[in-house]
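Novice: Sharing a structure, written as structure tokens. Questions coming.
The values are calculated or read from the model by the stated rules, or taken from the named source; none is laboratory data. None of these values were measured; they are calculated from a predicted model. We place every Cβ from the backbone using ideal geometry, glycine too, and count neighbours over all the protein chains shown. Calculation scope for accessible area: heavy atoms of the full protein, side chains included, ligands and nucleic acids excluded. Shrake-Rupley method; radii C 1.70, N 1.55, O 1.52, S 1.80 Å.
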Amino acid sequence: MSLKTKFIHFFKLLFPSSGTELIVLLFFLVVYGYLGSYIAIHYKIIFDSRIPWDAYFSFDNKSIVMTGGSFERHPLSYYFFNWIRELALLYSGGKMNGDFRFILAWFSNFAVSLSVLQIFKYLKNIIRLPLILNFLLVLFFGAFSTTILLSFTPENFTYTLFLLTLFNHYSAIKLKKDEKIPALALAFSGVTIGGLTVTNIAKVFIPVAFEKGLFKSWKKFGNAVFRVTLTLIFFVLLYLNRIDFKYQNIFSKTNEQYEKFSNVNSTPTWDMILSYFFGGNILFSNFIVRDKHNMAGYHYKGLIMTVYSSWIPYIFIAVLLMLISWSYYKNFKNKLVQVLMISFLFDILIHCIMRFGLHTSYIYGGHFVFVYPLLLGWLFYSYKESPKMLSFLMVIFTLLFVYLLTNNYLRMVEFFWFLNQYY
């Protein structure tokens with residue numbers, strides 16, 4: 001295949017390649033664009049040079065925009081955010097004002113809208129669901145608290161969401177065609193995804209394990225080992241170069257971060273798992289306004305999520321998790337479903353079992369929240385020959401969807417109250 005053909009295929013993968021796909025992208029660009037533009041122009045919360053972190057929901061907007069975040073967790077994002085910051089400054093004439101915030105918000109909007117497009121493409125091209133179901137599932141996904149917040153938030157998670165949805169769609173195409181993921185594609189995915197959040201590099205290797213005949217042929221197995229090794233070499237060299245090869249800093253800083261973000265016991269673990277990890281990424285929970293300061297004398301207000309105060313959200317999350325588990329059970333022999341679930345279990349291990357950042361795990365949704373609409377899609381697919389069961393599932397899904405829209409709309413009204421009061 002020529003280089004020109006590869007580029008054409010890549011752009012068809014990345015951008016809309018049909019009228020319906022264009023409609024999906026434009027719809028979310030307009031909706032998220034209006035939301036983000038309004039916030040950027042009228043409020044300072046997206047970027048305020050005095051506030052490095054925690055203005056809303058523990059996002060580190062200023063810190064991320066200026067430095068890319070901590071090197072031990074986000075080793076290569078420094079370079080990525082340098083480009084974004086410089087482009088935003090170019091548009092704003094070198095000032096960190098409303099124009100600067102506007103560009104930051106639109107970069108986020110574009111990344112999240114493309115993420116939604118990737119989900120739509122996966123549902124349409126891989127699972128091959130009816131068009132109306134595809135639309136409903138992406139609207140459901142688009143109304144998640146994570147996708148709403150990331151659509152205007154300059155954060156690592158924003159771009160991680162895009163890269164992971166893109167890679168999952170791409171790898172699904174390869175696995176469906178019984179093709180292997182090329183070495184350069186794997187290396188590029190590993191460097192970009194792992195560069196933004198180091199732990200996510202493991203997810204890049206999951207689809208490789210499901211390539212056809214991998215464990216039946218020494219040649220295929222050896223080739224897979226070569227591709228994985230090559231990716232790791234590229235990644236490690238770039239990582240070490242970022243920190244001037246002072247690798248001791250990685251271990252000391254990582255341990256320091258783990259101690260800081262895993263030893264919080266103010267809330268029962270089960271409630272943090274349900275309200276923050278499984279719930280907060282989809283369904284906004286209650287908000288609390290806290291007094292914060294920037295360690296340099298400036299005091300400000302921060303908005304954080306607390307656990308659910310009603311039994312209804314717990315029922316919502318329990319039902320959604322049952323549907324996801326049901327989908328996994330029904331499609332257990334499907335390697336594409338296994339890739340999604342293993343990736344999800346990896347995040348469950350890190351946040352729920354190892355407890356890293358469990359008390360703020362509602363901000364990590366960009367790492368895994370896209371799994372929900374895809375597994376729901378596979379559940380609908382598994383009952384495509386059973387009209388009664390499809391009708392039953394649609395009733396449950398519709399009830400969940402209506403509650404999600406209602407809850408998240410009311411919580412966003414509260415968010416704007418907070419903005420009007422303090423920003």
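Yes or no, residue by residue, for (1) of a type in the set (A, V, I, L, M, F, W, C); (2) farther than 23 Å from L374 by Cβ:
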| residue | (1), (2) |
| --- | --- |
| T160 | no, no |
| K177 | no, no |
| S189 | no, no |
| I193 | yes, no |
| V198 | yes, yes |
| I201 | yes, no |
| E211 | no, no |
| T231 | no, yes |
| F235 | yes, yes |
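Novice: Can I ask one more? Tally time: how many residues in segment 343-381 are touching an Asp or Glu at 6+ places or on another chain (Cβ under 6 Å) and hydrophobic (A, V, I, L, M, F, W, C)?
Specialist: 1
Novice: For segment 104-115, check the following and say yes or no: at least one residue is in contact with a Ser or Thr (Cβ under 9 Å, 6 or more places away or on another chain) and open to solvent by 20 Å² or more (accessible area, probe 1.4 Å). Spell out how you get there, then give the answer.
Specialist: Taking segment 104-115 and keeping what is in contact with a Ser or Thr (Cβ under 9 Å, 6 or more places away or on another chain), we get 104-109, 111-115.
From what's left, open to solvent by 20 Å² or more (accessible area, probe 1.4 Å): 106-107.
The answer is yes, given that some residue of segment 104-115 is in contact with a Ser or Thr (Cβ under 9 Å, 6 or more places away or on another chain) and open to solvent by 20 Å² or more (accessible area, probe 1.4 Å).
Novice: Another one. Being open to solvent by 10 Å² or more (accessible area, probe 1.4 Å) and under 17 Å from the mean Cα position of the chain (by Cα) is the filter here; which residues of segment 168-180 pass it?
Specialist: N168, Y170
Novice: Residue by residue through segment 23-56, note down the ones that are open to solvent by 80 Å² or more (accessible area, probe 1.4 Å) and among the hydrophobic types (A, V, I, L, M, F, W, C). Explain how you work it out, then say what you get.
Specialist: Step one: list which residues in segment 23-56 are open to solvent by 80 Å² or more (accessible area, probe 1.4 Å), which gives 23, 26-27, 30, 34, 38, 41-42, 44, 50, 53.
Once the filter is applied, which keeps residues that are open to solvent by 80 Å² or more (accessible area, probe 1.4 Å) and among the hydrophobic types (A, V, I, L, M, F, W, C), segment 23-56 yields I23, L26, F27, V30, I41, W53.
Novice: Mind listing whichever residues of segment 279-303 are touching a helix residue (DSSP H, G or I) at 6+ places or on another chain (Cβ under 8 Å), surrounded by 19 or more Cβ atoms within 10 Å (Cβ to Cβ) and not in a loop (DSSP other than H, G, I, E, B)?
Specialist: G279, L303
Novice: Still on this model: Among the helices (runs of 4 or more DSSP H) lying completely within segment 330-423, list those that include at least 2 residues that are without any contact (Cβ under 8 Å) to a residue 40 or more places away in the chain, open to solvent by 50 Å² or more (accessible area, probe 1.4 Å) and not hydrophobic (A, V, I, L, M, F, W, C).
Specialist: In segment 330-423, the matching helices (runs of 4 or more DSSP H) lie at 387-422.
Novice: Output yes when any residue across segment 248-258 is open to solvent by less than 50 Å² (accessible area, probe 1.4 Å), modelled with pLDDT under 95, within 30 Å of L393 (Cα to Cα) and of a type outside the set (D, E, K, R), and no when none is. Lay out the reasoning, then the answer.
Specialist: Applying the first criterion (open to solvent by less than 50 Å² (accessible area, probe 1.4 Å)) to segment 248-258 yields 250, 257.
Restricting the remaining residues to those that are modelled with pLDDT under 95 gives 250, 257.
Now restrict to residues that are within 30 Å of L393 (Cα to Cα): none.
For segment 248-258, residues open to solvent by less than 50 Å² (accessible area, probe 1.4 Å), modelled with pLDDT under 95, within 30 Å of L393 (Cα to Cα) and of a type outside the set (D, E, K, R): absent.
Novice: I've got another one for you. Could you tell me whether G297 is among the small types (G, A, S) and in contact with a strand residue (DSSP E or B) (Cβ under 6 Å, 6 or more places away or on another chain)?
Specialist: So G297 does not fit the description; no.
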